[in-house]
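Single-structure report; data block below.
The values are calculated or read from the model by the stated rules, or taken from the named source; none is laboratory data. Because the structure is a prediction, the values reported are computed rather than measured. When we count neighbours, we look across all protein chains shown, and the Cβ atoms used for this are built from the backbone with ideal geometry, even at glycine. Heads up: the accessible areas ignore ligands, DNA and RNA and are worked out on the full protein's heavy atoms, side chains in. Shrake-Rupley method; radii C 1.70, N 1.55, O 1.52, S 1.80 Å.
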Amino acid sequence: MRAARWTPVLAALLVGYAMVGVPAVVSGPSDPATVVVLLRLAVLCAGLGVGFLFDDPGRPTTATLPTPAWLPLALRVAGGGIVLAGWWWGTLVTAGAVAGPAGVVLPRRDLTLEAVTVVVAVLALAALIWRRSARGGVGLVAAPAFLAVVFLAALLPERVALLVPFDDSVWAAAHDRWMVTLVAATAVALVAATWSGLGKARFTV
């Protein structure tokens with residue numbers, strides 16, 4: 001836990017919270033559609049920081065230890081998950097304040113599904129990079145890769161879109177796809193972190 005790079009993670013969460021908190025102070029109540037966009041931007045910021053949980057400068061010296069390589073990762077992800085859960089709760093509470101009386105209509109459950117899916121997807125991406133990184137440097141590769149994935153997701157056609165506007169007629173169908181994405185990302189993350197058949201590290205970061 002001490003070896004993890006917490007500074008980029010906490011900085012990303014702080015910037016993400018500011019995406020929601022600053023409008024609450026500066027502009028007052030906003031409509032729910034705008035708040036949903038702000039929450040998605042906050043999750044985007046958080047996703048950029050999640051990959052740094054996998055950074056491990058001491059990995060070359062611990063590669064031969066009998067402890068399974070995935071165990072330190074699991075501990076870091078567990079610690080990061082606690083921090084992220086607290087951050088998301090605070091961000092949602094602030095979003096309710098931004099929306100004012102209209103905050104009661106915010107789709108908190110669906111937005112939480114989106115946030116969890118993004119985090120797990122970043123973890124899956126970071127785990128794949130971690131398997132190929134000889135020195136345990138992951139965040140600087142995972143962050144731009146995550147942005148590329150987000151860009152591609154934004155270009156998906158409407159019939160398979162994930163990032164649909166609030167109150168759109170396909171909102172429910174889109175979140176069925178979010179659930180499928182979450183299941184797939186979880187499977188990839190577990191396999192990438194634990195399956196020895198993926199091979200050894202091949203590049204140095």
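Here are some notes:
- FRET efficiency, 1/(1 + (r/R0)^6) with R0 35 Å, evaluated for Ala11 and Trp195 via beta carbons: 0.65
- The range 77-186, accessible surface, carbon-and-sulfur percent (1.4 angstrom probe): 74
- A Förster radius of 30 Å combined with the Cβ-Cβ distance from Asp31 to Val160 puts the calculated FRET efficiency at roughly 0.65.
- A Förster distance of 22 Å, applied to the separation of the beta-carbon atoms of Leu41 and Ala148, puts the FRET efficiency at 0.80.
- Relative to the current alpha-carbon distance between Met179 and Val22, full extension at 0.36 nm per residue lengthens the span by 53.5 nm.
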